[in-house]
Each structure stands twice: as C-alpha cells, then as structure tokens.
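Data first, discussion second: the structure below is written as structure tokens.
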Amino acid sequence: MSEWFWKKLSFLSGWLAIIFLFAAIILTANIEIKDFDLWLHLATGKYILQHHEIPSHDILSCTIAGRPWINHEWLFQVIVSAVYQWAGSDGLIGLQVMVIGITFVLLLMLGYDSRRQAGPVIVLLLVLLAYQYRFTLRPEIFSLLFLTLYVFVLTFSLDRKWSLWILFFLQLLWSNIHGFFILGPLLIMIYLCGEWIKRRIPLPYRWNSVGRLTNGEYTRLKEILLMVIVACFFNPHIFQGAWYPIGTFFSLSGGNQVFFEHIQELQRPFTWETLFSLDPYPYMKALIFISFFSFVLNRRRLDIGIFILWFSFLMLFLHAVRNIAFFAFAAYLAFLVNFQQLSLRQIFRIRLADKNYRHYASIAVNVTLILWIFNFIQQSFSRGYYDFDKFERKSEFGGISLRNYPVQAVDFLSENKISGRFFNGFNSGAYLLGRTFPRIKIFIDGRTEVYGAEFFKEYNKIWDGDQAVFEQAVRRYGLTGAFLNHVHVPVSAGLISYLYEHKDWALVYFDYDAAIFLKRIEQNKPWIDRYAIDLSQWQSPKLDLLKVGLQKVTPYRQVNRAYALFNMKFYDKALAEVQEGQRIEPYNVQLYMLLGKINIEKGEYQTAFENIRKAKLIDPQDVWIRYHLAVALYHLGEIRQAKEQCRRILKERPAEGKVLFLLSQIYAAEQNTNSPEKQSHER
C-alpha cells in the first residue's frame, strides 16, 4: 500500500484516539456532586445574592462570628449559587463539565501536531487519570483553567498588544474566584526569571538560545507582570485580598502544621516507604518520570524557564496532595516543550529501511491508546454504590452523592425546622451550612485560615473525646445541639458515649449517617419529647434480600451504625448490626474487624484473633487491622508476634500513639514474671 494510505490511516487513528480521550474526560467530569466545601460556597453565594453584599466577617458560625474573613472566592460562590438556583444539581455538574472540558481542549491545542499526535495524547491521558480524583466543583478547577489560558495567550499571542489586556481581565476574575490567583503573577515571574538567566548567565549546550524571547516580547512580559499584579488588587478587600495567598503561605509553619496533620488533602503524597512503589498516585509518578526523562533526552536544547516552572510545581505537589492538578499541568507542558524538539530517531536511536515505519508505529500506538481509554471508560461505567432506599444501584456520575453527605440526618433537621447552635464534625460543617443556614449556626467548617490553628486544636480535642473541653465549649458558645456525622470516620467513643449518657443531652436521631443530640432546654423540648431515642430498645433494621437480589452490595449503612453503637458500648446491638451486614456481604473486611473489636471488649481474645485474622487476610495493609491483631496476640500471650506487628506499623507511622503505648505494654510484659507469655508457657 502507498505511503499516502498509511499516513492517512495514522492521522485518522490519532483523531479517533483524541475523540475517545475526550469522551473519557466528559464522562469523568460528570462525577456526582461530592465536594464538602461546595455547600459552604452555595450558602455564602445565596447570602450575597439575597443581601447584595460580600461579607467581610464571619456570618456562618456560632464560634467565630464577627471575626474578619477575607472571602477571596466570592465570585465563585455567586456563580455556583446562581447556577444551583436556576438549574439544580444538573446545572452544577454541567458547569463542572464545561470548565474541565475547556481546560483539556486548550491543553490539547497547546501540544497538537498532526504529524506527532500520539505523544501529547498519551501524556494528556495520564493527566486525566491523575487529575480525575479532583474532578469536583470547587474553585481549584477554575484556577487550572486560568493557568492554562495564561500559557495559551503567552504562547500564541505575546507579540500582540491585546494580550496584556486579556491577561489583566483574566487575573481580575481569578483574583475573585480562588486564592490560587497568585499563580498568575508567579507564572509570569518564572518566565521572566528564565529569560533573565538566558540573557545574563552563560549556560551549557544551547540553553541560552532555546525559547529566547525577542526584546519586544521581553518588554511586553514585564508590562504584563505589572498589569496582572495591579489586577490582584481589584477585589472587595483590596490590599488584604491581594496579600491573602502570600500571607497564607508564610503562615504554614509553626502552629498551623496541625492542619497538615489532620486534613488529608494537605498531607504529603509520598513517604520514603511509598516513593518507589506503584501506590499511591501511580499516574502522578508516571508523569514525574516521563516529564523528567523528557528533560534528560532534550538536555542539549533544554528551556531553563520551563525547567524552573516544572520544578516549582513539583515542589508544590510534594508539599500537599491538593496541588496534584497543577503539577500534572506543568508536567504536560514540560513534556510538550521537550517533545517538540525531539525526533523519534533521537528518542529510540533507530533507523529503519521502510520509510513507512513512522506510520506503522503511530497506528500501533494509537490503537493501543484507544483500547486503553475504552477499557477506562468501561470500568468508569461500573463505578457506583447501592441505594438502600430505592433498592437499586446509584451511579457515581450525575446527581448529588448519597454516600459523601449525611443526607437523611440533615433532612431530619430541615423537615422539623430545628434551629440553634450546633457542635459538628469538620467534614459536615459545610453541608450543614448549605442545607440549614441561617437557622443553624455551626461550630466549624472548612475555612481553616479563618478559624486558626488554636481553635482547630480545641476542636480536635473535643472530637477525640475530651469531655472537659467540650463542656467549656458548650458554655462559651451556647451550644444547643450536636451533629455527629459518621459517614466517613466513626465518632470517637469518648464523645458519642459521653453525650448519650449525659443527663443534659438527648439523642433524637440515630442512623447510618449521623447521631443528633439536643440539649435539654426549653427551646428543644418539643423535639426531645417527640423524637428521644432509647438505644436499649433500638432494633437493627432488617433488609429484604429478595429485593437486593444477587447484586454485590457493600453494607455501608450497617457498618456505620455498628461502629456508632460499639462506641456507645452497646456491644450486643453492634453485634446485631454486624450480623445483618454479613447477611448482605459475608466477606466484608470492616465487619470482621469490628467483630474482633467486640470480642476484645468482651475478653474473648481467641475469637477476636480469628475474626481479625480474617480481616487481615482480606486487607493485609490496613494499619488498624494489624494494630488490633497485635492487641489480640498480646492478650493471648503471643508476645513475639504482637511485638513484630507493632514494629512493622511503626516503620510506616513512627509517631502512632496507640501503637507506641501497646508496644510499651508488651515490653513491660516481657519484664514481668506474670506476663501473659510466661503464664501461657507455664500452662
């Protein structure tokens, strides 16, 4: 066949791969509404639209009311609130798809070359796979869009005068949508820094000439930097608003480190133990490797400005998981710049006699890509969970998540028009605001910079079960209710059991998503009289398995209720929930784990070992399964095995308090003539 045929087939297969890629992007961007903070934004946006003012102090909580609040995301809040009022959750998902879709179109246009289609598409697919876990409607996705628009304008229109005004307008919008607006001026500074180095410092190979701007473009870039910095001050808080991201950056040390310890998205993505393994974040590791290797291959024509950009965003990502999207962007950009200056012959060091080998290779790569993306789409369609109310599977795409939020518990508050000042968990504050503000004032939400480190430490003490700190908070803030969400993490035994047993508090709602307590005051009397719950009389709901059929179902409701009952010391009730859960899914690891914990509390250590052993066989890496296995082994007198389990955990988590305490008990037992180990030998 002629060269024209293979060339055309290569081109068409490349475009088919691009079509599949964007089908995957659109599908993934249709992920259900599941972000916690979105509900805070909806509540604030609704307030702004109703009152025609942007709050400059806290209006949402009962704890820091009146404290100055630099609300740098007010425009995003207005946008999402208006869309939600106009088109509901479908409108919000549509907005999410539009922003993410435009971003990926621009990224493709930055690197598209009809002669070399596969390279950018492969890396863009890795960007999708890495970024998909952040595909939620939050200001961050607008920041990535603005960053991409910046690079697009600077790449194709820097020599045109209107580029200055376009970037000024983009920066003005960005400064009122997300605190990461500082990345706009930072990007320009990195470009200028790279250009200054090329002009002033002798560099190896051809580094001084690669990507070098003309004198006119260099001057224009300086003018753009000045204009985008000026645009940062066009916000309701003027100087304070412009300084916000810089001030936040400098406040990250010291006491504010507590946020990085407790908030998952602020934690580092890798440890030395996980750095060279496939998990976690395998696609990010692939992007790091590919982008770095592209610099190695292109070392003679390296663009120092792009390298500084790549390295800066790599440091951002290694500092906190939440920056994953921004490094993925920088890795893609670095790959494009390096890839465009390399030929396949340079990369693979091959020379074939057949002049069509490039087309054969391109077709093979494109077909592989299509199959890979098709498999990803197919797997994505299977993502979902069981809706126990409708007895049907709920897809993870479209609508509002039924698993991320305590939906029915907040329905209870809304339907009964319950009001007051509520203590709540960190992850439920925003959702409570979105559904119940201003009737209910919350204790804490996701605005960590407003609450401050000291308050967050106070909250953590309460959540961990410090009863004295909780009573101080009740008096100081006039708390009239407590909303204990256990959708994601069980509430500590110290807190939930204290509230249930205390004569001044009444349990009025208990289910898989939350436990709601009301203080025994006159205001709450009608609801307490009507809904007060005595858990000693409570019965585990039975599920009609005939309606479930043969579907594989995760009994998350039974698991959540069982943990809450266990923490309130209703072990028999918790056992009933575990047994119900095992009717639904016989081999659920969390249920075996909880069975073992119940056995430990009852002193049934042999049975505890057997149940926790089953859990470990299902999930051998879970830290807390291994910890409770060590507890059971310790009580059975198997000191050596218990010690070994503790030591393995401490290699991964050197400062884990419970494990350190157990290990100290084990060492003491070794020195004690009455240790369980010696007694077992004597027997």
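The values are calculated or read from the model by the stated rules, or taken from the named source; none is laboratory data. Small disclaimer: the values here were computed from a predicted structure and weren't measured. Note that each Cβ is placed from the backbone with ideal geometry, even for glycine, and that neighbours are counted across all protein chains shown. With ligands, DNA and RNA removed, areas are computed over all heavy atoms of the protein, side chains included. Shrake-Rupley method; radii C 1.70, N 1.55, O 1.52, S 1.80 Å.
Data overview
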quantity	calculated
Cα-based radius of gyration of segment 12-92 once divided by 2.2 N^0.38 Å, which approximates compact folds	1.55
Set of lysines near residue 161 by C-alpha distance (under 25 Å), chain-local residues within fewer than 8 positions excluded	198, 222
Dipole of the chain, positive direction: furthest Cα of 436, 623, 556, with charges on the beta-carbon	623
Separation between Cα centres of segment 58-118 and segment 434-461, rounded to whole Å	23
Computed helical MRE - 222 nm, the chain, DSSP H runs ≥ 4 contributing -39500 (n - 2.57), nearest 500	-19500 deg cm²/dmol
Most to least accessible of 41, 319 (protein chains only, probe 1.4 Å)	319, 41
Residue-level accessible surface for residue 604, protein heavy atoms, 1.4 Å, Å²	80
Interchain or long-range residues, amide H under 5 Å from residue 424's placed H	443, 444, 483
Beta bridges per DSSP with both ends in the chain, % antiparallel, nearest 5	70
Amide H contacts of residue 514 (H built 1.01 Å from N, under 5 Å, at least 5 apart or other chain)	486
Residue-wise HN-Hα coupling along segment 438-448, computed from phi with Karplus coefficients 6.51, -1.76, 1.60 (Hz; x: Gly, Pro)	x, 5, 10, 9, 9, 8, 7, 9, x, 7, 4
Surface/4 of the Cα convex hull for segment 461-555, nm²	7.8
For segment 638-646, 3J(HN,Hα) per residue [Karplus equation, 6.51 cos²θ - 1.76 cosθ + 1.60, θ = phi - 60°, Hz, x = Gly/Pro]	8, 5, 4, 5, 5, 4, 5, 4, 4
Loop-exposed chymotrypsin sites (Phe, Trp or Tyr not before Pro) per DSSP, neighbour cap 10 Cβ within 10 angstrom, longest uninterrupted part of the chain	277-683
Residue-span extension gain [residue 264 to residue 408] - 0.36 nm each, minus C-alpha spacing	49.3 nm
C-alpha center-to-center spacing [segment 493-552, segment 644-674] in angstrom	37
Ranked order, 415, 458 - accessible area, probe 1.4 Å, largest first	415, 458
Accessible area of the chain divided out per residue, in Å², using a probe of 1.4 angstrom	47
Using alpha carbons only: equivalent-ellipsoid semi-axes of segment 372-503, gyration tensor based, whole Å	33, 17, 15
Equivalent-ellipsoid semi-axes of segment 247-342, from the Cα gyration tensor, Å, largest first	28, 16, 9
Relative contact order for the chain, counting Cα pairs under 8 Å that sit 6 or more residues apart, in percent	13
Spin-label pair residue 219/residue 166, simplified geometry with 7 Å Cα→Cβ offset, distance in nm	2.1
Segment 57-166 - Debye-derived log10 I(q)/I(0), Cα point model, q = 0.10, 0.12, 0.19 Å⁻¹	-0.45, -0.61, -1.09
Neighbour cut-off at most 10 other Cβ (10 Å), DSSP loop, trypsin sites (Lys or Arg not before Pro), segment 91-154	115
Long-range tail of P(r) for segment 547-625 (Cα pairs > 19 Å, %)	33
Sites residue 157 and residue 277 - FRET efficiency at Förster radius 41 Å, r taken between beta-carbons, to 0.05	0.40
Percent breakdown of C-alpha pair distances by 5 Å bin, ordered from the shortest bin, for segment 480-631	2, 9, 17, 19, 18, 14, 10, 6, 3, 1, 0
Carbon plus sulfur fraction of accessible area for segment 287-339, probe 1.4 Å, in percent	78
Calculated FRET value between residue 208 and residue 289, using beta carbons and R₀ = 30 Å, to 0.05	0.60
Extreme residue, positive dipole direction of segment 165-319, given options 262, 291, 218 (C-beta unit charges)	218
Residue 664 - accessible surface, heavy atoms, 1.4 Å probe, Å² rounded to 10	60
Given charges at Cβ of Lys, Arg, Asp, Glu: the chain dipole, positive-most of 424, 474, 86	86
Equivalent ellipsoid semi-axes - Cα gyration tensor, the chain, angstrom	48, 33, 26
Carbon plus sulfur fraction of accessible area for segment 169-281, probe 1.4 Å, in percent	66
